[in-house]
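Student: If you scroll down you'll find the structure; I have some questions about it.
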Amino acid sequence: MKSFFESEAFIVAFVFLAYYLATRLQKRTGFILLNPILVAVLIIIVFLSVFKIDYASFHEGSKLIEFFLKPAVVALGVPLYQQLEKIKKQAIPILVSQLVGCVVGIVSVVLIAKAMGASKEIIYSLAPKSVTTPIAIEVSKAIHGIPALTASVVIVVGIFGGIFGYTIMKWTHVKNPVAQGLSMGTAAHAVGTSRSMEISPSFGAMSSIGLIVNGIFTAILTPYILQLINIWIPL
Amino acid sequence: MIRQCVIIFGCLAIGELIVAVTGIKLPASIIGMLLLTLLLKLGWVKVGWVKGISDFLVKNLSLFFVPPGVAVMLYLDVIEANFWAIVVASVGSTVIVLALTGWTHQILRKSKFLNGKRSIQDV
């Protein structure tokens with residue numbers, strides 16, 4: 001039986017099943033904390049622990065699904081193309097605010113984590129925490145963080161931003177609708193974007209610009225920002 | 001469907017090639033994304049050619065993060081040891097990003113110098 005549970009076919013089917021159940025649960029309850037990724041991951045971890053299946057055997061099957069992160073990032077080129085006209089009209093405010101968001105996001109998370117005594121490995125894993133998971137994972141791999149830790153932090157950051165983002169912006173006087181949508185995508189990636197979509201499609205569209213542009217900036221700049229911080233304070 | 005796969009995986013493969021040849025510090029998938037955007041912009045690829053597969057991939061993006069998420073079980077001890085650093089840094093930084101991105105955008109939008117007459121109407 002154990003060898004069946006370790007077969008690629010079973011693992012692929014089980015990942016789909018866990019994710020399907022998790023999405024159903026969220027639809028049923030409408031509870032934002034029950035993020036489908038989080039729930040599916042929990043279901044799988046519990047299953048693996050109960051049946052004593054080690055991570056290496058699970059990964060043999062699950063990497064078949066994980067691979068599709070890469071073409072999925074490529075596919076984000078389509079919404080990016082569809083937003084190009086909007087980006088052009090406000091090119092400078094969008095690009096500059098994204099650049100600020102990207103740099104501030106990386107520098108602040110690195111410095112706070114360092115101040116709280118986190119190890120280098122952890123700090124590097126947190127650096128790309130604001131951007132969408134496929135990009136964050138690729139960045140984390142490139143800078144020798146722990147991609148799995150990055151993935152979980154990204155998801156938690158997204159859920160936090162999705163739930164509290166608009167309240168935080170109210171407190172901090174971010175009032176302009178375009179700025180609000182943009183900030184949500186910059187800080188809370190896809191989860192923030194889906195929250196913005198609930199408010200209105202135009203909030204959602206701005207949010208997806210934030211998600212994509214900050215994703216690109218973070219992918220390009222993270223290694224260099226870390227190098228610069230390292231000169232100043234060795235991590 | 002096959003043409004869609006050729007375009008998406010083709011962009012990804014060229015991204016890998018560019019990374020291998022230039023040693024650039026960027027994920028191949030990001031280069032593939034920019035390449036796809038460029039091809040669409042130039043009109044060499046039509047949105048309709050890739051719509052089906054790209055909608056499927058983008059709509060189900062969350063599914064693909066489940067396997068890397070599971071790998072967190074390997075690092076539970078690392079997380080436990082750094083729990084508060086991780087939580088405070090992520091939450092604190094997220095609040096800072098929300099505020100500063102919004103402020104920057106609000107200030108720049110108001111600047112007539114940058115936006116000319118269009119700034120008010122383009123919401």
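Student: So how do A:40-49, A:191-200 stack up, highest first, on mean other-Cβ count within 10 Å?
Tutor: A:191-200, A:40-49
Student: List the relative contact order of chain A as a percent without decimals, with contacts defined as Cα pairs under 8 Å and 6+ residues apart.
Tutor: So the answer I get is 17 percent.
Student: While we're here: Which of B:105, A:173, A:59 comes first, and how do the rest follow, when ranked by fewest Cβ neighbours within 10 Å?
Tutor: Least crowded to most crowded, the residues run A:173, A:59, B:105.
Student: Just to confirm the number: angle between the C-alpha axis of helix A:55-66 and the first principal axis of chain A, 0 to 90 degrees, nearest 10?
Tutor: It works out to around 50 degrees.
Student: Within 10 Å of each Cβ of B:76-89, how many other protein chain Cβ atoms are there on average?
Tutor: Mean shielding count: 6.
Student: Moving on to the next point. Per residue of A:27-37, count partner chain C-beta atoms within 10 Å of its C-beta, then hand back the mean as an integer.
Tutor: Neighbouring Cβ atoms belonging to other protein chains average 1 per residue here.
Student: What whole number of Å gives the distance from the Cα centroid of region A:149-209 to the Cα centroid of region B:14-47?
Tutor: Each part's Cα centre sits 27 Å from the other's.
Student: While we're here: Using Cα centres only, tell me the gap between region A:39-100 and region B:64-115 in whole Å.
Tutor: Centre-to-centre (Cα) distance: 15 Å.
Student: Further question: Just counting partner chain Cβ atoms within 10 Å, what average do the residues of peptide B:33-46 show around their Cβ?
Tutor: 4
Student: Below 19 Å, Cα to Cα, which aspartates and glutamates can residue A:63 reach? Residues fewer than 8 away in the same chain don't count.
Tutor: Counting by Cα, and skipping residues close in sequence, residue A:63 has these aspartates and glutamates nearby: A:6, A:8, A:54, A:138, B:16.
Student: Continuing with this model, one more query. Less than 20 Å apart at the alpha-carbon level, and either on another chain or at least 8 residues along: which lysines does that give for residue A:129?
Tutor: Candidates past the 8-residue exclusion: A:70, A:114, A:120, A:141, B:25.
Student: Which of A:152, A:3, B:90, A:108 has the fewest other C-beta atoms within 10 Å, and how do the rest follow up to the most?
Tutor: The order, fewest Cβ neighbours first, is A:3, A:108, B:90, A:152.
Student: Let me ask something additional. Can you give the longest stretch of chain B with no exposed loop site, where a site means trypsin sites (Lys or Arg not before Pro) in a DSSP loop (not H, G, I, E or B) with at most 16 other C-beta atoms within 10 Å?
Tutor: With a cap of 16 other Cβ atoms within 10 Å, the longest stretch comes to B:47-123.
Student: Binning at 10 Å from 0, report for region A:82-217 what percent of all alpha-carbon pair distances ends up in each bin.
Tutor: It works out to 14, 44, 32, 10, 0, in whole percents.
Student: Report the calculated FRET efficiency for residue B:111 and residue A:7 (r = Cβ-Cβ distance, R0 = 56 Å), to the nearest 0.05.
Tutor: Here the calculated transfer efficiency is 0.40.
Student: Something else now. Using DSSP to define loop residues, name the chymotrypsin sites (Phe, Trp or Tyr not before Pro) in region A:48-129 whose beta-carbon has at most 11 other beta-carbon atoms within 10 Å.
Tutor: Qualifying residues, ordered by number: A:51.
Student: Here's something else I'd like to know. Order of B:5, B:11 from fewest to most other C-beta atoms within 10 Å?
Tutor: B:5, B:11
Student: A further question on this structure: Using Cα positions and a limit of under 12 Å, work out the aspartates and glutamates in reach of residue A:88, with same-chain residues fewer than 8 apart set aside.
Tutor: B:122
Rule-based calculations on the coordinates, nothing more; no lab input. None of the values given here were measured: they were computed from a predicted structure. Every residue, glycine among them, receives a Cβ derived from its backbone with ideal geometry; neighbour counts consider all protein chains shown.
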